[in-house]
Amino acid sequence: MKPPETSWLRRRSAGVLAPLSSLPGEFGIGNLGAGARELIDFLASTGMHYWQICPAGPTGFGDSPYQSFSSFAGNPYFIDLNELVEAGLLGAVELDRLRALSADKVEYGDLYQEFWPVLAQAHERFVELGADAPWGGMEALRAFEAEQAEWLESYAAFMALKHRFGGHQWRLWPEQWRDWKPGLEKTLPNSAAAEARRQRFYQFLFIRQWSALRGYAHERGISIIGDVPIFVALDSADTWRWREVFRIDEAGVPEAIAGVPPDYFSDRGQCWGNPLYNWDYLKATGYAWWIKRLGAVFQLCDVVRLDHFRGFHDFWEIPMDAVDARRGNWIAGPGIDFFTAIADALPEAQLIAEDLGYINAGVVALRREAGLPGMKILQFGYGHDDNNVNLPHFFTRDTVVYTGTHDNNTARGWLASLDSDHRALVNDYFGIAADSDSAWPLIRAAFASVSQLAVIPMQDLFDRSAGARMNSPGTVEGNWQWRYTREVLAN
């Protein structure tokens, strides 16, 4: 096997972790417009070279980007509506209700009510203009639909039927629509067919704007690090369209679900609820679905973080009737055979292995054999890991270091939460004053480490307290809402 190229890690570099939803924007959530370009300009001005995001797919209940309705689609919430105003598809006054939404955090319920009617109006005007519509008009839209048909048609039909059936999971739909089959998209009822057309248009807008933003980033020397969850949501176009890829029975019920045993985040473990893969089928097909999935992400990003890398070595299988994740078993994953197939199909792929949590020697060996850099989290250096491998003096060059991730408290919040014994150890190691909770000693330690890449969450760069935390694993409310304003970045 020829390991994936990691030349991008041969130069010491730095970057920030900032989910798209956290960016400044006028319409209730960050988007691909001015706020994103200002962040790129900021990174370039500071000598940083990387912007890491969370998954950018469409989300449902819980608003987690790690539980998306599609592994291929983009979240329409991230579309810059100002560009639609400039193109004549929306009037400025039509965006007033969206502009009235909070600029400090994402209120997903309000956003859901206000966003979709506006975007539907833009589609209606685009269709009315026909050949005179912007960006190449209907001809360009049709070309996009043809180019992306393999995933786009079924995704649009899935979203349309989900809307038609009150948002219910696909396994609860009427039997006629429960099982995807070739040509199903052409048999949709008129109202669902109209919604499917809108959904395809939204993806046309998203990918067009994303491509322009990525070009803007490249012109300024900034690369984008994307994020691919190892598992997909049970209620998704992926499981509806490609049932054979997953261990799901004819009724749409998983044989078992994914999660992790008790760990740093939870003494009962975590039941994620995602279906597990049919790795035998995937191997027999040369991992074709995964290759298509990663290929689609690399059309948008330069580097991809593989979430829960351990699952490729062995994964925690939880019975469907288990009350929590403590009752489960480790099952062997695809191992190096998977990464050999990926390297052969995508030889330029640049990957990061999210090898966090309690991992065994086999996981370490797999990462090294695959030629992937791993991750180090400074917050994990104390409190749960007896060998302290997350302390900088244990690091190796083939790693990416973070003060924390989207699942951690902010660095300032973490410091404030430590008991006196742990705090004394942390203060001594990082040179932190006893009366200070500043994130900056940790940031300096990350920059000074031997890791080839240091990535700092925006909350830590702004030295924010625990109230700016992005996500608390094991909880379903109050997550994924934090945003920063343009004024904070300017200062």
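Observations on the structure shown:
- Any hit, the stretch 248-268, residues being part of a loop (DSSP other than H, G, I, E, B), at pLDDT 95 or above and β-branched (Val, Ile, Thr): no
- Condition met for LEU300 (farther than 24 Å from TRP151 by Cα and either in contact with a strand residue (DSSP E or B) (Cβ under 7 Å, 6 or more places away or on another chain) or assigned to a helix (DSSP H, G or I) (or both)): no
- Of all the numbered requirements in (1) in contact with a Cys (Cβ under 8 Å, 6 or more places away or on another chain); (2) surrounded by fewer than 22 Cβ atoms within 10 Å (Cβ to Cβ), HIS406 misses one, and that requirement is (2).
- Residue selection: PHE42 fails the criterion of being within 24 Å of the chain's Cα centre (by Cα), over 24 Å from TRP482 (Cβ atoms) and either of a type in the set (A, V, I, L, M, F, W, C) or not in a strand (DSSP E or B) (or both).
- Restricting PRO182, PRO174, PRO134 to those that are under 26 Å from GLY28 (Cβ atoms) and not aromatic (Phe, Trp, Tyr) reduces the list to PRO134.
- Positions within the stretch 45-56 being open to solvent by less than 10 Å² (accessible area, probe 1.4 Å) and either without any contact (Cβ under 8 Å) to a residue 60 or more places away in the chain or assigned to a loop (DSSP other than H, G, I, E, B) (or both), in sequence order: ILE53, CYS54
- For the criterion of being assigned to a loop (DSSP other than H, G, I, E, B), open to solvent by 50 Å² or more (accessible area, probe 1.4 Å) and either farther than 30 Å from TRP272 by Cα or in contact with a Lys or Arg (Cβ under 6 Å, 6 or more places away or on another chain) (or both), ALA434 passes.
- Looking only at the stretch 167-210, and only at residues there that are in contact (Cβ under 8 Å) with a residue 40 or more places away in the chain and in contact with a Lys or Arg (Cβ under 9 Å, 6 or more places away or on another chain), the one that is surrounded by the fewest Cβ atoms within 10 Å (Cβ to Cβ): ASP179
- Extreme residue, farthest from PRO19 (Cα to Cα), among residues of the stretch 442-491 that are part of a helix (DSSP H, G or I), open to solvent by 10 Å² or more (accessible area, probe 1.4 Å) and among the charged types (D, E, K, R): ARG444
- The stretch 409-422, residues that are crowded, with 18+ Cβ neighbours inside 10 Å and not β-branched (Val, Ile, Thr): ASN409, ALA411, ARG412, GLY413, TRP414, LEU415
- Selection count where residues are among the small types (Gly, Ala, Ser) and open to solvent by 20 Å² or more (accessible area, probe 1.4 Å), scope the stretch 134-166: 6
To keep it simple, each residue is scored yes or no on (1) in contact (Cβ under 8 Å) with a residue 40 or more places away in the chain; (2) closer than 28 Å to LEU17 by Cα; (3) buried (at least 22 other Cβ atoms within 10 Å of the Cβ); (4) among the small types (Gly, Ala, Ser).
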position	(1), (2), (3), (4)
ARG243	yes, no, no, no
ASP249	no, no, no, no
ALA256	yes, no, no, yes
ASP263	yes, yes, no, no
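- Residue within the stretch 339-356 that is in contact with a Pro (Cβ under 6 Å, 6 or more places away or on another chain), touching a residue at least 40 places away in the same chain (Cβ under 8 Å) and β-branched (Val, Ile, Thr) present: yes
- The stretch 435-468, subset of a type in the set (Asp, Glu) and on the phi < 0 side of the Ramachandran plot, residue modelled with the lowest pLDDT: ASP435
- Candidate set: the stretch 75-115, residues that are free of Cβ contacts under 8 Å to residues at least 40 places away in the same chain and closer than 25 Å to PRO55 by Cβ; chosen: the one least open to solvent (accessible area, probe 1.4 Å): GLY109
The values are calculated or read from the model by the stated rules, or taken from the named source; none is laboratory data. Keep in mind that this is a model prediction, so the values were computed, not measured. A quick note on method: Cβ atoms are made from the backbone with ideal geometry, for glycine too, and the neighbour counts reach across all protein chains shown. Heavy atoms of the whole protein, side chains included, go into the accessibility calculation; ligands, DNA and RNA do not. Shrake-Rupley method; radii C 1.70, N 1.55, O 1.52, S 1.80 Å.
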